[in-house]
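The values are calculated or read from the model by the stated rules, or taken from the named source; none is laboratory data. Just so we're clear, the structure is a prediction, and the values are computed from it rather than from any experiment. In this analysis, Cβ positions are derived from the backbone assuming ideal geometry, glycine residues included, and neighbour counts consider all displayed protein chains.
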Amino acid sequence: RYRYNINILPSSKCNYFFLYDGSKVKGEGDATREGICYFYPEETPLDKQELLCGQLAGAGRCVSELSASPVRILRLRRNNFAIRMKDDFFWALGCSAEVPTISACELLDQLINLFCFYNGSVRQSYQLYSQETLAARWAQYLSHLQSGSLELQHIFSCLRTIDSTNVDPLLLLKAALILQACQRCPLVLAGCILFRGRVVSTQMSPELTMKVMVHESETHTKAPSTFSSFGGVVSSTTVFLTMSELQYLQSAPVDKDFRYSHRTPHKNTSKKKTRLSRTLSDTPSTESEPSDTGSSQSPLKGSFSPHFSDSSVFSPDPLDSPPPPQPLQPPFPNGKLSPEAEEEALEESYYYSFHSNEGGVSQLHNEGDSSLFEGNSYLNGGGGGGGGGDGDAACGAVFDFRGAEESHHDTVFTKEASRGGCESVQGRQAEIPDPPPGSGASDSPEECPLVPMMLYLHRVKGLVLALLVEPHFLSDTASMEEVYHSSLASLNGLEAHLRTICPGAPDAPRPYIFAHFDCIQSTLTTNLSGRPGGAPERPFVRATSLLHSHFCNTETLQEAIIRSAGAAVYGSRSVAQETYFQQHGGSLRNSGIPNHQDSAFLLPSKARHRLLKHGVNLL
Amino acid sequence: MKCLLIASESAEVLFQWTDPEFQQNVQEQYGASQEEGHGLPAFEDSISTLFAPIIISCSTMVDRLCDSYTSFTTENNHIYVLHQFDECLYIAVNGDGEEGEGDLRRKIYVMKKMIEVMFGMVTLSSNLLRRELRPQDTEQRARLWKHLQSLLETYSQLRENDQSFLVEAVERLIHPTLCEQCIEFLERRLVQQLNGSVERAGEEVLHAFILIHTKLLAFYSSRNASSLSTSDLLTLIIMAQNMYPSNIDLDDPHPEWESNLGLPHQRHVSYPLCHPHQHLHLCVSAADKPVRGSTPVFEFVDPDVQMAEDSLQALEVPPPAPSTPRRVFLEVSLKDGLYPMMPHSMYCLPLWPGISLVMLTKIPTSAVAMSVYMFLEAFAKLEKRLSEGQEGSAASRGQPTIHDVRSKLDKFIKALGPSEIQSAQLQNVWTEFKNRAFSRGGPGFNRDLIPWCKNMKTQLCGIYRQCFLIESGKADIPQRLSPSLQERAQTMMQEKLMDWKDFLLVKSKRNITMVSYPDFPGLIHFICVDRSTGQMIAPSLNITERNTSELGKGPVAQFIKSKVWSLVSTTRRYLQKGYSTVTLRDGDFYFCYFLWFENETGYKLEAGDIPILPDDSAPIGMLAWDYYRKLLRYYSKNHQGEVVKCYELLTVHLGVIPTEIILQHCRQLASKLWEPSRNPLL
């Protein structure tokens, strides 16, 4: 009965996942298999599928009746199942016992949310589509969520970002500016830029970004609408947002979103001046100035000068102020100037000029960008301009295609008034036709309604611009064209730069391992190699996983040191972050008795000192 | 909302305990599904109906997937923990957030431990145990369950309020001089006199100890006794506490026993471990249904009580005469090996409220238990080898050899013949076994013999049951220390402690206090445990109005207490995963936990690997399952020929104290508390 399992290795892989529809198995004669909507691994013999589905769902229902509450976690001796019970549906995701339960629950929620994001309500999807089609989707989402080499990524369910230590901060800034520029179109809610499956910049919450990334990372099987006029690089698909996601996007579009992907680059920029940054800053002042009407007044111009001493202009403040979604530039489609916009002219001009330097609007961007990005950018820029020209002609046809799309916009638009009191609201409402009432996609009254939106993707090789847009954006030829053209050249430039960045020589082996999780952005920084069989890293991953669970369960816990015979790991957390640190080498020999000279207790100060150069501040 | 349920595989309830909230919940649910006018069904039936799907699903999972449920958690944080021991499924439920998964699993193991102490090797046969836990006679069942329920409640209360039951180690009353005097008294006067008396009816006092509430004042074991394991000692303390509860830890500001001084303070109804005499039905095959004749006769109660039992109020039986011992089954380690669940009699003599003398005696027939155990083990090993596919001589090999067992068992059965014990059934099964296994041309040793191994085990358990669970039929020679002998022991001890009793009662509440540690500024609390001896010391942590410690009373003390309790469960979780040092900065506090090994001379040994255990492994502690004994054995592998000792230290400091100072404190405590004399320097 007593087994010593010394060498249990944590495995993050999900062992089972199934969706069982109890409503199909109500009568005595109904076979359990009727209720199995999806089962992973798919090659599991049917009788075993039936056994697991039938028993787990049955026992789960019994317990939930006794406690008058759905079951959340079900443990077997060898597998822990995260459970979701809703209506007659029963989801179960089984991981090996070493995976923290909290991570398994998060994974299951992500999976279900992903499905709903791309397909709408589960019940409705199973009415509309065949089981096979949907099985392929579950499989796709599952494999997407399980991809990634680092076990730590599964423990924290974090967003995969580009390695910002290798990327020039100005490129990150540029990406953010592209997104801001797109957001000037009132039909664009928010967006993100991804490069080879990693986030470069995002305006959305980490959860939403994660959802969007699935579509980018794998060619969605849903046959997305592509727009041939743009060389097949633009596509779209319907997605479904929850009310809270929508409200979040609409309520504080800037304060929350713009801030975070930008701050770090600013700091870094002021600290180190790489060669690239100098190039970036030098060129616009000479080349793009003549054509750039706004930039001449821009206080930011100075910041791009080689001197760069006055970094205060890069303080995040201008970015924190709401962006003016109402464009001042004439080329903007059916743009109307709201009177309020004029009142804030000072701030806006300041802001605008800053933007128009970079991924600005319309004609400006061609020159601006191409000049910024030197030789190859000219090429791309030229192509972009040309494409835009062709687009004008082809647009009509292309966008008509979208016209047939169901007019999904319903109650959503009335909620837009909540858009943070931004002056643009009136302007936007004016241009939006009254929504046809009652055409909503909200499923059933008791369910949390899902609101259909469109996901617009513009792909430039490995780079993808993903935008969440109002459904009728795609029928709004002018808007779409506008967004396309305004971002095209900048995207080309950005892609060219990101592509040339070598992955960076793997860090020289350091005498320590650390992992730093940013809870707000859901990002993970670590120097773990992620090599399979990284045996020395095992103890670290195991300790981190335990500590993470402990931090999640105990709100007041701030710091912990735990030591086994093989490793001592220090964990520290605040509201915004969790940090884990292990020192290699040194004498691990200890008697286990309290000793203040013990190296384990020096970990906090070592971590504080060592992690500074990774940009981790433990105070 | 709490519940503990034991069910058979066929969803028959073998035991249930629920608190009022859970009972109400079940009744509401069951009521909702019932037709109007039918009235509520018996509670036991409702609970069985409601849990049946889970129980049945559980056995399906075991049969078909070789896996089983270990727990459920609902969104409103109700926790269900399940554990199967042989054919008995234990389910513990909590719906009020007071217990976690670990606590519930511990409760299940403690319940199992108490059943083992009460029923001994009968627990090795699921069939017999099922009938033992669920007597056909409903009154008898109600009494048994009530007794078990009360034990469980006593345990839960101790675990929630008593530090020694929190860390599962015995707490000694720190008073070396008095302790020594008492041990001498127990040895030279008490035990010698009892064992020299003719009134002991063949019993022999092996252990005697004095309890002040739950704390040990003195413990004496006779020379030829094996040592009492910590697990057993803690269980006996629970039983003693259940018999004579001390309400002092409760938030009851007016304990009544000062008014009725001298009388045992009874709170719970106790169930004596004696069964009504009945016809024996050793064969457990389904066809053989026990037939019960007349109303059961209780030997220990007088006819008046017997009558009262027929009425409904009879469930509140008065306690048995104090002179009736309890049959307890305890582990005995002899030179030739470890014998679990050997029968003893337990005498718990109240001296004053809160102070009692406990004596454990060896009963004259205990040699039978050792033989039965030896045979059981031999058949179990044989069964294991056969089920592994070994056949013929490969299967019959082993220590002792099957031929050895054969001749011994023949002799054993022969010896049983003239006694009262009904051994015909055993003899029949044994004859059949021999025919199959040993006769020329017979099937021999192969898989077909497995059912016969099982049957032999059941028969042996049946003999054991007759010998030790059922009072011998003739009431003329009671097998116990005579009441007058017990009275004499009680009086002697009372005389000895008369002058000390008030002091002892106060001392037990303030065993040691943090005031004794002025050199440790910022230290709020600590617990130090010697796992080799199963003893702990910690400053008293009283939170009642009557007994304020330096921590004051009310919410602050309660808060510290809850922190200490949660710290213990946290560190156990880390220990389970192989971490022997833990420090935590939590709110305004800094917690430390250390586990280390020393050799006998106090030399600190290097920290070694600590096994990593699965989540559903037995709880870490010493009461239900001795984790530390296994740990020591595991660690000692690399320290052959050395006596290894294991210690634990937990501290709570104010968070503002610099870590270096905290660690210095810990180091000082660790070296000071258990210096060579083993008596804390205080």
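May I ask you to say which residue of B:504, B:485, B:460, B:481 is over 25 Å from residue B:220 (Cβ atoms) and surrounded by 13 or more Cβ atoms within 10 Å (Cβ to Cβ)?
Details: B:504 fails: over 25 Å from residue B:220 (Cβ atoms); B:485 fails: over 25 Å from residue B:220 (Cβ atoms); B:481 fails: over 25 Å from residue B:220 (Cβ atoms).
Only one candidate qualifies: B:460.
For (1) modelled with pLDDT of 90 or more; (2) within 12 Å of chain A (Cβ to nearest Cβ), each residue gets a yes or a no:
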residue: B:618; (1), (2): yes, yes
residue: B:624; (1), (2): yes, no
residue: B:642; (1), (2): no, no
residue: B:656; (1), (2): yes, no
residue: B:666; (1), (2): yes, yes
residue: B:675; (1), (2): no, no
residue: B:681; (1), (2): no, no
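Condition check: within 11 Å of chain B (Cβ to nearest Cβ), buried (at least 17 other Cβ atoms within 10 Å of the Cβ), modelled with pLDDT under 95 and touching a Leu at 6+ places or on another chain (Cβ under 8 Å). Does residue A:66 satisfy that?
Numbers: within 11 Å of chain B (Cβ to nearest Cβ): yes; buried (at least 17 other Cβ atoms within 10 Å of the Cβ): yes; modelled with pLDDT under 95: yes; touching a Leu at 6+ places or on another chain (Cβ under 8 Å): yes.
Yes: the conditions hold for residue A:66.
Would you call residue B:67 surrounded by fewer than 21 Cβ atoms within 10 Å (Cβ to Cβ), away from chain A (no Cβ under 13 Å) and either within 25 Å of residue A:550 (Cα to Cα) or among the acidic types (Asp, Glu) (or both)? Quick ask: steps written out before the conclusion?
Values: surrounded by fewer than 21 Cβ atoms within 10 Å (Cβ to Cβ): yes; away from chain A (no Cβ under 13 Å): no; either within 25 Å of residue A:550 (Cα to Cα) or among the acidic types (Asp, Glu) (or both): yes.
The answer is no for residue B:67.
Among the residues of the stretch B:227-244, write down those that are touching a helix residue (DSSP H, G or I) at 6+ places or on another chain (Cβ under 9 Å) and not in a helix (DSSP H, G or I).
B:228, B:229 - these are the residues of the stretch B:227-244 that are touching a helix residue (DSSP H, G or I) at 6+ places or on another chain (Cβ under 9 Å) and not in a helix (DSSP H, G or I).
If a residue has to be part of a loop (DSSP other than H, G, I, E, B) and within 21 Å of residue A:249 (Cβ to Cβ) to count, how many in the stretch A:159-196 make the cut?
Filtering the stretch A:159-196 for residues part of a loop (DSSP other than H, G, I, E, B) gives A:160, A:162-168, A:183-187, A:196.
Retained after the next criterion (residues that are within 21 Å of residue A:249 (Cβ to Cβ)): A:183-187.
So the count comes out to 5.
Within the set of pairs 6+ apart or on separate chains, which have a first residue in the stretch B:571-596 that is within 16 Å of residue B:102 (Cβ to Cβ), a second that is in a helix (DSSP H, G or I) and among the aromatic types (Phe, Trp, Tyr), and C-beta atoms under 7 Å apart?
Listed by first residue and then by second, the contacts come to B:582/B:574.
Being in contact with a Lys or Arg (Cβ under 9 Å, 6 or more places away or on another chain) and not in a strand (DSSP E or B) is the filter here; which residues of the stretch A:67-80 pass it? Please lay out each step first, then the result.
As a first pass, look at the stretch A:67-80 and keep what is in contact with a Lys or Arg (Cβ under 9 Å, 6 or more places away or on another chain): A:70-72.
Correct list: A:70 only.
Looking for something more than 22 Å from residue A:139 (Cβ to Cβ), within 12 Å of another protein chain (Cβ to nearest Cβ), in contact (Cβ under 8 Å) with a residue 60 or more places away in the chain and not in a strand (DSSP E or B) - is there at least one such residue anywhere in the stretch A:81-99?
Yes, the stretch A:81-99 contains at least one residue that is more than 22 Å from residue A:139 (Cβ to Cβ), within 12 Å of another protein chain (Cβ to nearest Cβ), in contact (Cβ under 8 Å) with a residue 60 or more places away in the chain and not in a strand (DSSP E or B).
State whether one or more residues within the stretch B:168-183 are farther than 18 Å from residue B:491 by Cα, touching a residue at least 60 places away in the same chain (Cβ under 8 Å) and touching an Asp or Glu at 6+ places or on another chain (Cβ under 6 Å).
In the first step, residues of the stretch B:168-183 are kept if they are farther than 18 Å from residue B:491 by Cα; the result is B:168-180.
Subsequent filtering for residues that are touching a residue at least 60 places away in the same chain (Cβ under 8 Å) retains B:168-176, B:178.
Adding the requirement that they be touching an Asp or Glu at 6+ places or on another chain (Cβ under 6 Å) leaves none.
No, the conditions are met nowhere in the stretch B:168-183.
Restricting the search to the stretch B:75-125, which residues are in a loop (DSSP other than H, G, I, E, B) and small (Gly, Ala, Ser)?
Pass one, the stretch B:75-125, residues in a loop (DSSP other than H, G, I, E, B): B:75-78, B:86-87, B:95-100, B:125.
Of everything in the stretch B:75-125, those that are in a loop (DSSP other than H, G, I, E, B) and small (Gly, Ala, Ser) turn out to be B:95, B:97, B:100, B:125.
State all residues of the stretch B:157-170 that are modelled with pLDDT under 95 and acidic (Asp, Glu); if no residue qualifies, say none.
Matches in the stretch B:157-170: B:160, B:162.
Go through B:617, B:566, B:636 for me and flag whichever is within 20 Å of residue B:166 (Cβ to Cβ), free of Cβ contacts under 8 Å to residues at least 12 places away in the same chain and either touching a Gly at 6+ places or on another chain (Cβ under 9 Å) or not hydrophobic (A, V, I, L, M, F, W, C) (or both). I'd like the intermediate steps shown before the answer.
Numbers: B:617 fails: free of Cβ contacts under 8 Å to residues at least 12 places away in the same chain; B:636 fails: within 20 Å of residue B:166 (Cβ to Cβ).
From the options B:617, B:566, B:636, the qualifying one is B:566.
Of all residues in the stretch B:376-394, which are outside any helix (DSSP H, G or I) and among the charged types (D, E, K, R)?
As a first pass, look at the stretch B:376-394 and keep what is outside any helix (DSSP H, G or I): B:388-391.
Across the stretch B:376-394, the qualifying residues are B:388, B:391.
For the stretch A:537-588, please list each of the strands (runs of 3 or more DSSP E) lying entirely inside it that holds at least 2 residues being more than 9 Å from chain B (Cβ to nearest Cβ).
Numbers: elements: A:557-563, A:568-573, A:577-583.
Because the criterion is at least 2 residues that are more than 9 Å from chain B (Cβ to nearest Cβ), the strands (runs of 3 or more DSSP E) in the stretch A:537-588 that meet it are A:568-573, A:577-583.
Any residue in the stretch B:94-102 that is at the interface with chain A (Cβ under 8 Å from one of its Cβ atoms) and either surrounded by fewer than 22 Cβ atoms within 10 Å (Cβ to Cβ) or closer than 19 Å to residue B:616 by Cα (or both)?
Within the stretch B:94-102, not a single residue is at the interface with chain A (Cβ under 8 Å from one of its Cβ atoms) and either surrounded by fewer than 22 Cβ atoms within 10 Å (Cβ to Cβ) or closer than 19 Å to residue B:616 by Cα (or both).
Give me the residue from the stretch B:350-369 that is in a strand (DSSP E or B) and in contact with a Ser or Thr (Cβ under 6 Å, 6 or more places away or on another chain) and, out of that set, surrounded by the fewest Cβ atoms within 10 Å (Cβ to Cβ). Don't jump to the end; show me each part of the working.
Filtering the stretch B:350-369 for residues in a strand (DSSP E or B) gives B:350-352, B:355-362.
Narrowing the set further to residues that are in contact with a Ser or Thr (Cβ under 6 Å, 6 or more places away or on another chain) leaves B:350, B:361.
On the way: B:350: 20, B:361: 26.
Filtering the stretch B:350-369 for residues that are in a strand (DSSP E or B) and in contact with a Ser or Thr (Cβ under 6 Å, 6 or more places away or on another chain), the one surrounded by the fewest Cβ atoms within 10 Å (Cβ to Cβ) comes out as B:350.
I'm told residue A:207 meets every condition in (1) under 14 Å from residue A:465 (Cβ atoms); (2) at pLDDT 90 or above except one. Can you identify the failing condition by its number?
So the condition that residue A:207 fails would be (1).
Check the stretch A:173-192 and report whether any residue there is closer than 28 Å to residue A:520 by Cβ, β-branched (Val, Ile, Thr) and modelled with pLDDT of 90 or more.
The answer is yes; a qualifying residue exists.
Residues checked against (1) within 21 Å of residue A:103 (Cα to Cα); (2) small (Gly, Ala, Ser); (3) without any contact (Cβ under 8 Å) to a residue 24 or more places away in the chain:
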| site | (1), (2), (3) |
| --- | --- |
| A:41 | yes, no, no |
| A:47 | no, no, yes |
| A:51 | no, no, yes |
| A:55 | no, no, yes |
| A:59 | no, yes, yes |
| A:64 | no, yes, yes |
| A:67 | no, yes, yes |
| A:72 | yes, no, no |
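Which residue out of B:532, B:549, B:562, B:540 is modelled with pLDDT under 95 and within 13 Å of chain A (Cβ to nearest Cβ)? If you could, list the steps in order and put the result at the bottom.
Values: B:532 fails: within 13 Å of chain A (Cβ to nearest Cβ); B:549 fails: within 13 Å of chain A (Cβ to nearest Cβ); B:540 fails: within 13 Å of chain A (Cβ to nearest Cβ).
Going through B:532, B:549, B:562, B:540 in turn, the sole match is B:562.
Only one residue in A:108, A:150, A:76, A:56 is more than 14 Å from chain B (Cβ to nearest Cβ) and either closer than 30 Å to residue A:499 by Cα or touching a strand residue (DSSP E or B) at 6+ places or on another chain (Cβ under 7 Å) (or both). Which one?
Values: A:108 fails: more than 14 Å from chain B (Cβ to nearest Cβ); A:76 fails: more than 14 Å from chain B (Cβ to nearest Cβ); A:56 fails: more than 14 Å from chain B (Cβ to nearest Cβ).
Among A:108, A:150, A:76, A:56, only A:150 is more than 14 Å from chain B (Cβ to nearest Cβ) and either closer than 30 Å to residue A:499 by Cα or touching a strand residue (DSSP E or B) at 6+ places or on another chain (Cβ under 7 Å) (or both).
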